[in-house]
Every structure is written in C-alpha cells, then in structure tokens.
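The values are calculated or read from the model by the stated rules, or taken from the named source; none is laboratory data. Computed from a prediction, not measured in an experiment: that's the story for all the values here. As a convention, Cβ positions derive from the backbone with ideal geometry for all residues, glycine included, and neighbour counts pool all protein chains shown. In case anyone asks, the SASA skips ligands and DNA or RNA and just uses the protein heavy atoms, side chains included. Shrake-Rupley method; radii C 1.70, N 1.55, O 1.52, S 1.80 Å.
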Amino acid sequence: MEARTATLTEIRDWLTDYLAAKLERSPEEMDTTENLMHSGVDSLTMVALGLSIEETFEFEIEPDFFSRFSTIDEVAKAAHDRVHSPAQEAGGDAV
C-alpha cells in the first residue's frame, strides 16, 4: 500500500489485519470501535503497532497517541489525516 494515496478504508483494513494477526484472530472478529486495550492488545503489541504505523505511513507517533486514539477507527482516521495533511504532502512532519 502506498501511504500517500491510502484511503481511510485501506488504512482501517491494514490496522485490522495487523492487529488480527497479532491477536491470532480473523479480521472479521475485530471490532473497529472497541478500545484496543479492551480487545486484548497489550502494551508490547501497542508499541509494535506504533512502530509499524510510523514505518508504513511515514509519520512520527507522539507518546500520547494511543491515549488519544484508542480504537482502530480512531487510529485509522488520525493516520489518514496525518498522511493527507498539507504539511506531510509538502514533505514536513505534521503533528
């Protein structure tokens, strides 16, 4: 997936597939509106997810990112907004 052209749905699907694999579930079993910590995502998985998001979508995640965006839907929307922000498109780091 090309980060700069990724749609919100593609990002949500990527997150869902990533977490489903980590939690040994099928993507269909994942509730994109459930708090990640309540769905079985532990702190190590959260760190791995953050690193994968940074690498895949090419933006830096601040320390409180997952406290502000705590569901797959919220993380997908935040990632989409950052990937498609004018500052990112111009080559800067959007925060």
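Miscellaneous remarks
- Helix 72-83 and the longest principal axis of the Cα set of the chain meet at an angle near 10°.
- Accessible area per residue was computed with a 1.4 Å probe on protein heavy atoms; Thr32 scores about 30 Å².
- In sequence order, segment 54-64 has phi-based couplings of 4, 5, 6, 9, 6, 9, 8, 9, 7, x, 9 Hz under the Karplus curve 6.51 cos²θ - 1.76 cosθ + 1.60, θ = phi - 60°, and Gly or Pro positions carry x.
- Measuring only protein heavy atoms, the 1.4 Å probe finds Leu8 accessible over about 50 Å².
- Taking every alpha-carbon pair under 8 Å whose residues sit at least 6 apart, the chain reaches a relative contact order of 36 percent.
- Restricted to Cα atoms, segment 38-81 shows a radius of gyration and a Dmax of 9.9, 27 angstrom.
- Extension gain, Leu51 to Glu29, is 5.6 nm, computed as 0.36 nm per intervening residue step minus the present C-alpha separation.
- Using alpha carbons only: equivalent-ellipsoid semi-axes of segment 1-74, gyration tensor based, whole Å: 18, 15, 11
- Its Cα centre serving as origin, the chain has a Cβ charge dipole (Lys and Arg +1, Asp and Glu -1) of approximately 80 debye.
- Tilt relative to the chain, helix 8-22 - C-alpha long axis, 0 to 90 degrees, to 10: 40 degrees
- Expected 222 nm ellipticity per residue - DSSP helices of 4 or more, -39500 (n - 2.57), all of the chain, to 500: -15500 deg cm²/dmol
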